[in-house]
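The values are calculated or read from the model by the stated rules, or taken from the named source; none is laboratory data. Quick caveat, the model's predicted, so the values are computed rather than measured. Counting neighbours? That spans all protein chains shown, and the Cβs are built from the backbone with ideal geometry, glycine included. With ligands, DNA and RNA removed, areas are computed over all heavy atoms of the protein, side chains included. Shrake-Rupley method; radii C 1.70, N 1.55, O 1.52, S 1.80 Å.
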Amino acid sequence: MNHSEAMDPEQADEVFAHWEDKYGTSDGVWSGHVNTALAQIAADLPAGSALDLGAGEGGDALWLAERGWSVMGIDISPTALARAESAAERAGLSERVTWVAADLDTWSSTQAFDLVTASFLQSPVALDRARILRTGADRVAVDGHLLVIAHAEAPPWAHAHDHDHLQEMDFPTPESDLAMLDLPADDWRTVVAEVRDRTAFAPTGEQVVLRDGVLLLQRLA
């Protein structure tokens, strides 16, 4: 599987600074809830080993750990992972979760996982999403699953001045992600490829409907 070239050091520094600033300038970014689509999908999977790409403050990883998964959560922001580690300690889940501070553009491993998840890997700064997701696919064990969740469209508040960056992001479909991954058809089975609605709260407090692209693949060989 051919991967594109890694970003140059200047771009990598920009990405690190962006995400550290995002987490470091607030008391907390995570809502306290697992991503809806991940909870819906993983509830039907037997617990095993999981890899969470772009774990942030640990919401998805902790939810999986609570349900018996052994989880590795990776994120570029040490601040985000420090909060995730604290949350794991408070919940008594430290032995079930390993946190790794790393740039997903250059991170690599030989370990195989029963579930690899990537939720909302969409960024206003440089992010080689294709490279990251292909690396994630490489880490799925036989009979395991790759779950990719993406914002399918800009949220209703994207037009607000403070959120102009939301209009600049790409909004892939499950079909475009499947085409981008370009996985061998004989080795993978598409389990779910659809857009799902979920309710959420806008920054101003009103309830809104958001749309998520959900792609679940199973590795057969």
Open item on the list: Condition first: open to solvent by 40 Å² or more (accessible area, probe 1.4 Å), assigned to a strand (DSSP E or B) and out of contact with any Ser or Thr (no Cβ under 7 Å at 6 or more places or on another chain). Now tell me which residues in region 108-145 satisfy that.
Closed with: Val142, Asp143
- [ ] Just give me the residues in region 66-87 being within 18 Å of Gln111 (Cα to Cα), small (Gly, Ala, Ser) and under 16 Å from the mean Cα position of the chain (by Cα), in sequence order.
- [x] Gly73
Task: Selection status of Pro184, part of a loop (DSSP other than H, G, I, E, B) and farther than 26 Å from Trp19 by Cβ - done: yes
Task: Residue selected from region 185-200 under the condition open to solvent by less than 60 Å² (accessible area, probe 1.4 Å) and over 20 Å from Arg211 (Cβ atoms), by the criterion nearest to the chain's Cα centre (by Cα) - done: Trp188
Open item on the list: So Leu93 ticks every box in (1) at pLDDT below 95; (2) farther than 16 Å from Ser77 by Cα; (3) over 14 Å from the mean Cα position of the chain (by Cα) but one. Which box is left unticked?
Closed with: (1)
Open item on the list: Can you report the number of residues in region 70-107 which are touching a Lys or Arg at 6+ places or on another chain (Cβ under 7 Å) and either assigned to a helix (DSSP H, G or I) or open to solvent by less than 20 Å² (accessible area, probe 1.4 Å) (or both)?
Closed with: 2
Open item on the list: Could you go through region 157-173 and let me know if any residue there is on the phi > 0 side of the Ramachandran plot and open to solvent by 50 Å² or more (accessible area, probe 1.4 Å).
Closed with: no
